[in-house]
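Remarks on the structure that follows.
The values are calculated or read from the model by the stated rules, or taken from the named source; none is laboratory data. These numbers come from a predicted model, not from an experiment. Because the Cβ atoms are built from the backbone with ideal geometry, glycine has one as well, and the counts that use them run over all protein chains shown. Side chains included, ligands, DNA and RNA excluded: accessible areas come from the protein's heavy atoms. Shrake-Rupley method; radii C 1.70, N 1.55, O 1.52, S 1.80 Å.
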Amino acid sequence: MVTDMDVDMTGEDESKGGMWALDQKIDQPMDEEAGRLKNMYREKKFSAILLLQLAFQSLGVVYGDLGTSPLYVFYNTFPDKITDTEDIVGALSLIIYSLTLVPLIKYVFIVCRANDNGQGGTFALYSLLCRHAKVNTIPNQHKTDEELTTYSRSTIHEKSFAAKTRRWLEGDVFKKNALLLLVLVGTCMAIGDGILTPAISVLSASGGIKIDNPGMSNDVVVVVAVVILVGLFSLQHYGVDKVGWLFAPIVLLWFLLIGGIGIFNIWKYDSGVLRAFSPVYIFRYFRRRGKNGWTSLGGIMLSITGTEALFADLAHFPVLAIQLAFTIVVFPCLLLAYSGQAAYLMYNKDHVSDAFYRSIPDGIYWPMFIIATLAAIVASQATISATFSIIKQANALGCFPRVKVIHTSSKFLGQIYIPDINWILMVLCIVVTAGFKKQSQIGNAYGTAVVVVMLATTFLMILIMLLVWRCHWILVFIFAALSLIIECTYFSAVLFKVDQGGWVPLVIAAVFLFIMYIWHYGTLKRYEFEMHSKISMTWILGLGPSLGLVRVPGIGLVYTELASGVPHIFSHFITNLPAIHSVVVFVCVKYLPVYTVPEDERFLVKRIGPKNFHMFRCVARYGYKDLHKKDDDFEKKLFDNLFMFVRLESMMEGGSDSDDYSLSGPQTRSRDFLLPDNTNNTFSSVVDLTISSCDSITPAKSPLNVINSGASSGQVSSQREVDEMEFLTGCRDAGVVHIMGNTVVRARRDSAFYKKLSIDYVYAFLRKICREHSVIFNVPHESLLNVGQVFYV
């Protein structure tokens, strides 16, 4: 059943007066429910054997992209020809120090430490900032959320530099929107990276078949690359866990082979290239080549591509495993591989277009070709996995339409597969591969995407160091200066190649940015509508226990985005229908900027109004790691927490003396109930109980009278508990109806054309194709009731 109404949200709430104050007393925020609701949750510790196993497995998921860069770096650095062998040494020196400063120092040992309890990527950094400053553009955070054990927010001294930075960020809406836009741009470029990495890696590896067949058409290479890409994306539904074990041995063999070939080439051709470890050759390189040397940085930058995927893929593996794999295997093997290619080019300058394959000894050429092709497939896997992680985080923060997320591993919840995104990536990847056909143009596009992601990460890291880590401003300045000098230098170089393929990631990012911004704008307006149109509890209480209707057996779960107040759909419901359920529960499903919410802290329950109204509120909280994993037991968990609340409420009443109630007649009060915590012998606040009392003034009692009164009160309370539990059980058996608001957002008639296009068509289309909450929470279709609402922005 769907009903409709039109709402024009033009004004603010009614002026705050006495009625507002009374309403706040009746329906208070859930401060006490979450006050000390703690558990002993700890991040899982890994044994040494499991850590080495995960480090080995991370090679197949995280480092494939970074590891296959030797396939195309020297060709993109010298796309024409090499005129001076000293240029080779200068380019090698740039590669060495780029690998040392960016992947090793910046990412592996600094940026990876900024993970959100194991989650990486630009949105993980943004969620950390949202917990330490009020920069979330959707203002649904509350003090109760800070009591979560996984919230991990540190206190900031009000006079510290961190506090000044926080006040500066929270100062106006423009800064919050600018921060969100920075995150969205970095995310969209990372998605573009997930399209370009498979294209350039597989195409470069497939080009090896032309070495022994120079007359072969390039179209054959493209067809081979497309076939490989289709097979790769078709395997994604098996999951990272299975794919990682399949690919990790291949990547380990790849690194050992390119390192070994590098040693062989250094020994055979020219060990003098090792002088490139001196940074003086970088200065000589730029002095000798001038502008050409500057623009060649676009090719040098490809040596560090895949670093951004390293951080985004933290959701799959612990930080220590990734650090071990990089420092022990990846970094030394890459240095040897690039040095070996440089040594070969010192005597074979004309072979720069296919330096990697030409430098392979003849006896192992074809086995190496097979390993290179498989390694290129792994490189693609790294960015595909990173894209899945980023999209899931964007979902949680209201910046991307809800899509189906499949958890492919019961052991590691971070390992996911998103079917819709997978097929979109495959189609776009094939279009790029078949459209460009040349790896040089794809390389130009690739470099543009990667450097923008790195710049976005740097700006977010500056804020993380100030607000979260509270580093001294000198350390922050050193980090920012070194990072921005390197990355802005690379960015200026790739700008020269925008017309040579660099426009591709800009177009892809623009499309995804438009989608994400429109979705976030619509989500924000829907939340603002809920906030402005919520109805007063005093109006509800004025209707009486029957709410002015016939109360029929059953339980109505009214879903809302509000953690306090009564949603407008409820008033529309009771004014248009003649009956309402005997028990009404307002359910708020809330997504927080944390990676997960432990199961025993997920639900907060409280009573709204007097007992005879039979109205409750339940807030279900999720983190972005929990998001969109289908919760088949959602309804059962909700009722378990509701029944627990009733029992605890009754126990508290039974232990209360009548003097604790109002002496002047009926009054609503909030009380805490404490339960013993078996883990640390302390007490945990479980619920905030709302109790209605009509006790009259009583004389002072003797201790004996107090005991007798307490015993009598306990017996009455126990009977009340049994009666209400039986009542709730009977209502649940009679039937449960899930009442959900179907809010439609439309542009005003006098809105500009672009706004009508964005809201009435783009946002409406995204709402139509996105996944519904009823599917996520496994709501039976026959138990679902949609209440339509239309409002204009």
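Odds and ends about this structure:
- Scan the stretch 156-208 for residues that are within 30 Å of Q441 (Cα to Cα) and either free of Cβ contacts under 8 Å to residues at least 24 places away in the same chain or surrounded by fewer than 16 Cβ atoms within 10 Å (Cβ to Cβ) (or both) and the total you get is 1.
- Extreme residue, least open to solvent (accessible area, probe 1.4 Å), among residues of the stretch 272-295 that are hydroxyl-bearing (S, T, Y) and modelled with pLDDT of 90 or more: Y285
- Some residue of the stretch 139-150 being of a type in the set (S, T, N, Q), part of a helix (DSSP H, G or I) and either open to solvent by 30 Å² or more (accessible area, probe 1.4 Å) or at pLDDT 80 or above (or both): no
- Residue satisfying all of: in the stretch 750-793; of a type in the set (G, A, S) and at pLDDT below 80; surrounded by the fewest Cβ atoms within 10 Å (Cβ to Cβ) among these: S783
- Candidate set: the stretch 348-390, residues that are open to solvent by 10 Å² or more (accessible area, probe 1.4 Å) and either outside the structural domain of T77 (by the TED database) or aromatic (F, W, Y) (or both); chosen: the one farthest from L336 (Cα to Cα): W366
- Within the stretch 302-340, considering residues that are open to solvent by 10 Å² or more (accessible area, probe 1.4 Å) and not hydrophobic (A, V, I, L, M, F, W, C), the one farthest from the chain's Cα centre (by Cα): P332
- Some residue of the stretch 42-52 being outside the structural domain of Y285 (by the TED database), modelled with pLDDT under 50, open to solvent by 30 Å² or more (accessible area, probe 1.4 Å) and outside any helix (DSSP H, G or I): yes
- Under the condition of being at pLDDT below 85 and farther than 30 Å from S380 by Cα, the residues counted in the stretch 169-213 number 5.
- Of all residues making up the stretch 82-135, the number that are under 30 Å from G398 (Cβ atoms) and out of contact with any strand residue (DSSP E or B) (no Cβ under 7 Å at 6 or more places or on another chain): 25
- Of residues in the stretch 65-99 being among the polar types (S, T, N, Q) and surrounded by fewer than 23 Cβ atoms within 10 Å (Cβ to Cβ), the one nearest to F277 (Cα to Cα): S98
- In the stretch 357-381, the qualifying residues are those that are β-branched (V, I, T) and farther than 30 Å from W423 by Cβ, and the one that is farthest from the chain's Cα centre (by Cα) is I364.
- Search result, residues across the stretch 557-574 that are without any contact (Cβ under 8 Å) to a residue 60 or more places away in the chain and either under 30 Å from A124 (Cα atoms) or in a loop (DSSP other than H, G, I, E, B) (or both): L562
- Candidates I478, I485, I430 - the one that is buried (at least 17 other Cβ atoms within 10 Å of the Cβ) and assigned to a helix (DSSP H, G or I): I430
- Scanning the stretch 575-616 for residues being out of contact with any Asp or Glu (no Cβ under 6 Å at 6 or more places or on another chain), farther than 18 Å from G554 by Cβ and part of a strand (DSSP E or B) gives a total of 7.
- Just one of (1) in contact (Cβ under 8 Å) with a residue 24 or more places away in the chain; (2) over 19 Å from S389 (Cβ atoms) fails for R287. It is (1).
Residues checked against (1) in a helix (DSSP H, G or I); (2) touching a strand residue (DSSP E or B) at 6+ places or on another chain (Cβ under 7 Å); (3) in contact (Cβ under 8 Å) with a residue 60 or more places away in the chain; (4) surrounded by 14 or more Cβ atoms within 10 Å (Cβ to Cβ):
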| residue | (1), (2), (3), (4) |
| --- | --- |
| F491 | yes, no, no, yes |
| A509 | yes, no, yes, yes |
| Y517 | yes, no, yes, yes |
| Y521 | yes, no, yes, yes |
| H532 | yes, no, yes, yes |
| I540 | yes, yes, yes, yes |
